[in-house]
């Protein structure tokens, strides 16, 4: 029993660490997208102007910012609460849904037919959400015991 309790505690701790790491990248992604769009709206540099004022790149950045904002709420509030209450299935669904922010961002740049400046952030989001989901799914398969 002690080994099972230790393994469960370790897995729960790992899940919380991964969810927290995802929670840190989401505000960074929102800040990256927002900062690029805002800065480029204020400059007269020809290379930067393509990110603001209704330009395709600016619209894509706004879509990214919105998607990452929603993902941040899902992770910071709902997924965290679900983990705390032991509702691992809900937490897994929320983390999977949050990873969709990266797909939404990718799709926005693809639809605009421009190259994405969010590729690295999007990939990190997908990777971290995948690891968190896998760890949470272990908690579903091997739930913590009360011993």
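Descriptive notes on the structure:
- Scanning the range 71-97 for residues that are in contact with a helix residue (DSSP H, G or I) (Cβ under 8 Å, 6 or more places away or on another chain), at pLDDT below 90 and closer than 16 Å to residue 125 by Cβ yields 71, 72, 74, 75, 76, 79.
- Unique residue being under 30 Å from residue 141 (Cα atoms), surrounded by 21 or more Cβ atoms within 10 Å (Cβ to Cβ) and at pLDDT 90 or above when the list is 108, 101: 101
- Positions within the range 58-114 being closer than 20 Å to residue 135 by Cα, touching a residue at least 24 places away in the same chain (Cβ under 8 Å) and outside any helix (DSSP H, G or I), in sequence order: 86
- The one condition in (1) under 16 Å from the mean Cα position of the chain (by Cα); (2) touching a residue at least 24 places away in the same chain (Cβ under 8 Å) that residue 140 fails to fulfil: (1)
- For the range 115-131, a tally of residues being assigned to a loop (DSSP other than H, G, I, E, B) and surrounded by 15 or more Cβ atoms within 10 Å (Cβ to Cβ) returns 3.
The values are calculated or read from the model by the stated rules, or taken from the named source; none is laboratory data. Note that this is a predicted model, so its numbers are computed, not measured. No Cβ is skipped: glycine too gets one built from the backbone with ideal geometry, and neighbour counts run over all protein chains shown.
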